[in-house]
1. Quick check: from the Cα gyration tensor, does the stretch A:39-158 come out rounded (a/c under 1.5), prolate or oblate?
2. Please return the longest stretch of chain B lacking exposed loop sites, where GluC sites (Glu not before Pro) count only if DSSP places them in a loop and at most 13 other Cβ atoms lie within 10 Å.
3. Lysine pairs in chain B with Cα distance under 30 Å, only those 8 or more apart or on different chains: how many are there?
4. Out of the DSSP beta bridges found with both residues in chain A, what percent are antiparallel (nearest 5)?
5. By the scheme Lys and Arg +1, Asp and Glu -1, what is the net charge of all other residues having a beta-carbon under 15 Å from that of A:LYS267?
6. Could you estimate the translational diffusion coefficient of the stretch A:185-274 from the Stokes-Einstein equation, with Rh from the Kirkwood formula over C-alpha pairs, at 25 °C and 0.890 mPa s, in whole µm²/s?
7. By its C-alpha gyration tensor, with a ≥ b ≥ c as the square roots of the eigenvalues, how is the stretch A:228-336 shaped: rounded for a/c under 1.5, else prolate for a/b larger than b/c, else oblate?
8. Loop by DSSP (not H, G, I, E, B), at most 15 other beta-carbon atoms within 10 Å: where is the longest site-free stretch of chain A for chymotrypsin sites (Phe, Trp or Tyr not before Pro)?
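FYI, it's all coordinate maths here, none of it is from the lab. Since this is a predicted model, take the numbers as computed values, not measurements. Note: ideal-geometry Cβ built from the backbone for every residue, glycine included; neighbour counts use all protein chains shown.
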Amino acid sequence: MVTKLVILAVIILGVIAIAQMMRVYELSSKLRKTGEHEISNRDNRLNAKMMLGFMFVLFGGFIWLMLKYGWVGRGSAASVHGHDLDWLLNVNFVIIIAVFFLTNFLLFFYAYKYVKRPGVKAYYFPHDNRLEMAWTVVPAVVLAVIIIFGLREWNQATDEAAPEAIRVELFSKQFAWVARYSGMDNKLGKFDYKLTQEAETPNELALMTTETIDLAIEEMENGVTGMKALEAELNNQEIMISPEERSKKTTDLRRKESLIRLLYQMKKRHVTTLDALAYDDIIQKDTLYLCKNKEYEFNFRSKDVIHSAYFPHFRAQMNTVPGLTTRFKFTPDKSTAEMRVERNDENFEYILMCNKICGGSHYKMKMFVVVLEEEDYNAWMEPKMNGVKDLDGNWTVKPSTFHVALHPELYENKKVEEVEVEVADSIPAE
Amino acid sequence: MAAVAHEAHGHHDDHGHHEESFVSKYIFSQDHKMIGKQFLLTAVFMGVVAMLLSILFRIQLAWPGESSDFLSFFLGEKWAPGGVLSEDMYLGLVTIHGTIMVFFLLTGGLSGTFSNLLIPLQVGARDMASGFLNMLSYWFFFISSVLMFCSLFIETGPAMAGWTIYPPLSALPQAVQGSGLGMTLWLASMTVFIASSLIGSLNYIVTILNLRTKGMAMTRMPLTIWAFFVTAILGVLSFPVLLSAALLLMMDRLAGTSFYLSDIIVSGEMLTNHGGSPILYQHLFWFLGHPEVYIVLLPALGLSSEVIATNSRKPIFGYRAMIGSIMAIGFLSFIVWAHHMFVTGMNPFLGSVFVFTTLLIAIPSAVKVFNYLTTLWKGSIVFTPAMLFAIGLVSTFITGGVTGIILADAALDISIHDTYFVVAHFHVVMGLSAVFGMFAGVYHWFPKMYGRVMNTRLGYAHFWITIIGAYGVFFPMHFVGLAGAPRRYYDYTVYGEFDSGSLEQMMDLNVIITVFAMIAATGQLLFLFNFFYSIFRGPVSPQNPWNSTTLEWTTPVEHVHGNWPGELPTVHRWPYDYSKPGSDVDFIPQDVPLAEGEEEH
Ligand code: HEM
Ligand SMILES: [Cu+2]
Ligand SMILES: [Cu+2]
């Protein structure tokens, strides 16, 4: 409350102060007998000098910022195409900084130099075809160079990934990232959003297999908020439901009725051979591990609104769009350890950030990225794919594949031979 | 606010040649000069609101999580619990700030004020082609302003999806609370705004084409008029597309259609929408959005052309090239829109095409800059406050234009799209340039609006504080962006978790930026004070205070209906006969016949 009064008081006093100044000024200018619109030579010269002075401040400020902050945060690129892009960025910067200095210099210098001098008339110079031609053609040529270089890089950066590039899916939702590695076959399993289950259940990513379709149908019909439950609730005379509640539930039921039809169609059309594509996929949260010098093709998906997968250090970005799969490829070429040394910061991590406004916690939506040397990467990946067994054939580390998540019972410790038979049975041949 | 101001200034300049009722003179006026002033006052009010909003969120960015009395004073417990801005309201403030600045201040305010004031006066017409439609255009603008302003005060908060309101975020109230009633009001407000803009633009076009006085050939029109003309055409062609984008969004929100929605699960609800495309919205939006940036900029360039020529006492250099550039920019602005969408997953080849067209637009922009520079060269410059702002505009247009070249390079845009670098780019090139152009216009034509002159010294102080503050805000912002900082983040301390070097840089720069923003905002008080004080107490202006050549300065200082008391003036020459050799005065108004043996420029 006190501060509010203080703020108000300051504002009022400020206004009064300016009013007083104006009054004094008005009186003095009445004495001078010149109109307000006539600018005195003194004022003209003062502003001319200020123009020149401002130019130095502007240039000085820019140079200071450039030296102090120019490349600090950005750091050097950590991907193959990133180096080329940084080179291109530097070329472009040299050009535009030159233009910036030159034209701003001319502007402020002319403003300073050609201030009105009593008795000197301005030079009548309405046009000059040669000059105008020159400053149409020169920018055009410079821009042509920029375009040619730029498009070359653009085409390379957005070209199809090589067939052997590692496929990884990045799934975005309010407000987290989930990664899915394509596993042994380097092929990502199919998905359909209607199969999505709650977070923290195996099928959060809506992968499409025979069982997940059945699961989704079952849940939609008989789950806690399934159609049966909804119908029962709506028809129950005993309990009171407020009108809003009722209309919400009715809408929900309608929705589920139309979705279930689609699910049954899906079931009918589903080919079991596709299941295998999904079974070996590995779902990974919190941290994305990448292998140095391997090309990756990322497939992006979104569950709810548009997000953007932004990897500042790899100079990579792609929006994730609900209803659409987008792609981007890059090859990391500096491990996290190397980057830490280079940046002299042992806590440095690569990062995947969300770069498209997606709701209140947009700013917190991120995933750490770790780039490992090939050896370390394999040591990390191998158990994820195949698990580890001790000499008795018991799992000490179970694989982290989708199959394990769907059928944990099959991976209970039993005799190795049994498990292998069962696992083999449950994975249809491709 | 606007209404109050009108009432207040009812005390002066009614010497009552016509017996008019108060209402028809000051409120439902059909006189273009009055309507221009109405636009200006409404826009000034909206501009102050938007500026205040920006200060509120800048406080959070510079001192994240720290309690501030200033925030609780304006936002209360609901949106600033304990004096700390809430995450959702942060997005709300950013969204409404952007919307008001782009549409209400720089489109409605800038075009609305100066097209209305200057078109009839500079082409020599008694009024707009349709006074009634003109009045309607203002009142639609007023209603949309009220709607937008009110949306700040509702329970679930204003729209929170950014000024570009990309669906699905803007379509789903479950995704963010501002997408409930707040977004409905946003869409309603913009729909009315678009109607206002269309009516206004059609009126401007018709007036310019049909009501030019005798001798006022198209090639004798001042560049202001050319700029307003092309701006109005851009508006007429592109705003309807925004309207359709908004209507489809409305349908998705209210009627269950799926234009922009497909395969969505939001807060646990599985939606049935399938087959729509959020990208479609972006195409529609930017088909307006890009021309829109020139709708904002061109009038500012037009005004400053006039101010620079007058105060350099020289003809604008390359008059025809300037017209050509305006038209080229206008045309090209329709075929560059997808440069805002390089990373939406669109076809890379399509991307290449847009790289090409976008970089083409830099050529006419460069031509304009060089022409301004040459106009100053060997001039006899008079530093009125308007002239200072016009020079400021040229500087920001250069500084912001060059960074556009980087952004237009799709390959480079990959890593800087949606970072603060973009924010810096468009604030400098569009925000600052247009605001400077607007200030130049207000200082220069204030005598035409109110018959008085604004205080010069305060004008100087206002300019220097503003340009220093403005560069102080937006120069550092480029470096925040180059470091990779995404825009629309509530709190950059998240960097602490993975990159302490960047964190330090960002926090340093964010404090610098906020401090300069506060300085610049305080500087605007000088303007507000000067403006309102001068309306009532400024020294009375002579008829042609700046020794200009254009027709508006041949009208009497006291406003009369029909602008000229007698016959309409006849035009004999182009508008830039300053310091013409063979003449002993340094300006020859357009209505002075050619002397014997004198050649037209
Ligand atoms: C040399 C001329 C220019 C070029 C080549 C250029 C290029 C670009 C590009 C490519 C973007 C998209 C960047 C991104 O989102 O990653 C952009 C953004 C923008 N530009 Fe420019 N620009 C130029 C001049 C202008 C002018 C004159 C204005 C305004 C009058 C302007 C206003 C904007 C705005 C408002 C945005 C950002 C919109 C948003 O995302 O919210 N630009 N510019
Ligand atoms: Cu986000
Ligand atoms: Cu654009």
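1. Oblate shape, in that a/c is at least 1.5 and b/c is the bigger or equal ratio.
2. Longest gap between qualifying sites, sites excluded: B:156-557.
3. 26
4. Beta bridges within chain A, antiparallel portion: roughly 75 percent.
5. Value of the local net charge: -2.
6. On the way: Rh = 14.5 Å.
Translational diffusion coefficient: 170 µm²/s.
7. It comes out prolate by the Cα gyration axes.
8. No qualifying site falls inside A:124-430, the longest such stretch.
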